[in-house]
């Protein structure tokens with residue numbers, strides 16, 4: 001009886017160990033494709049893109065009353081709301097001697113109906 005039990009146990013163990021033999025498993029790393037980028041999520045910002053003349057007009061309209069720092073927009077992402085939210089990536093440079101440039105995100109809201117663009121927030125990305 002012990003021999004039969006040991007034999008059955010050995011068969012079960014062998015079938016468990018060799019169950020995967022001859023099978024090929026899928027690679028853990030997914031293959032990447034060069035398809036077009038997916039559109040932004042509804043309500044989310046678009047991907048950053050170069051700044052157009054129209055974007056610059058909104059940018060400078062919102063910042064026209066700021067003094068002490070010169071901002072140069074480099075990239076922009078947009079979000080459609082009841083108007084348009086803009087997130088500009090810009091280089092900031094204080095207008096004083098030996099100022100060091102630094103990167104910022106500047107958030108601007110442009111309402112529908114032609115109302116002026118409004119500065120919402122400026123976040124520093126890199127320290128001065």
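The values are calculated or read from the model by the stated rules, or taken from the named source; none is laboratory data. Note that this is a predicted model, so its numbers are computed, not measured. Quick reminder, even Gly has a Cβ in these numbers, built from the backbone with ideal geometry, and neighbours come from all protein chains shown.
Here are the numbers:
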| read-out | value |
| --- | --- |
| Scope the range 56-82; condition touching a strand residue (DSSP E or B) at 6+ places or on another chain (Cβ under 8 Å) and at pLDDT below 90; matching residues | 66, 82 |
| Looking only at the range 108-128, and only at residues there that are over 14 Å from residue 81 (Cα atoms) and out of contact with any strand residue (DSSP E or B) (no Cβ under 7 Å at 6 or more places or on another chain), the one that is modelled with the lowest pLDDT | 114 |
| Among (1) within 15 Å of residue 66 (Cα to Cα); (2) free of Cβ contacts under 8 Å to residues at least 24 places away in the same chain; (3) exposed (fewer than 15 other Cβ atoms within 10 Å of the Cβ) - the single one residue 118 does not satisfy | (2) |
| Residues of the range 67-100 classified as part of a loop (DSSP other than H, G, I, E, B) and exposed (fewer than 13 other Cβ atoms within 10 Å of the Cβ), total | 8 |
| Some residue of the range 37-55 being part of a helix (DSSP H, G or I), at pLDDT 95 or above and touching a strand residue (DSSP E or B) at 6+ places or on another chain (Cβ under 7 Å) | yes |
| Cβ pairs under 7 Å, 6+ apart, first in the range 80-96 and free of Cβ contacts under 8 Å to residues at least 40 places away in the same chain, second part of a loop (DSSP other than H, G, I, E, B) | 91/101; 92/101; 93/99; 93/101; 94/68; 95/68 |
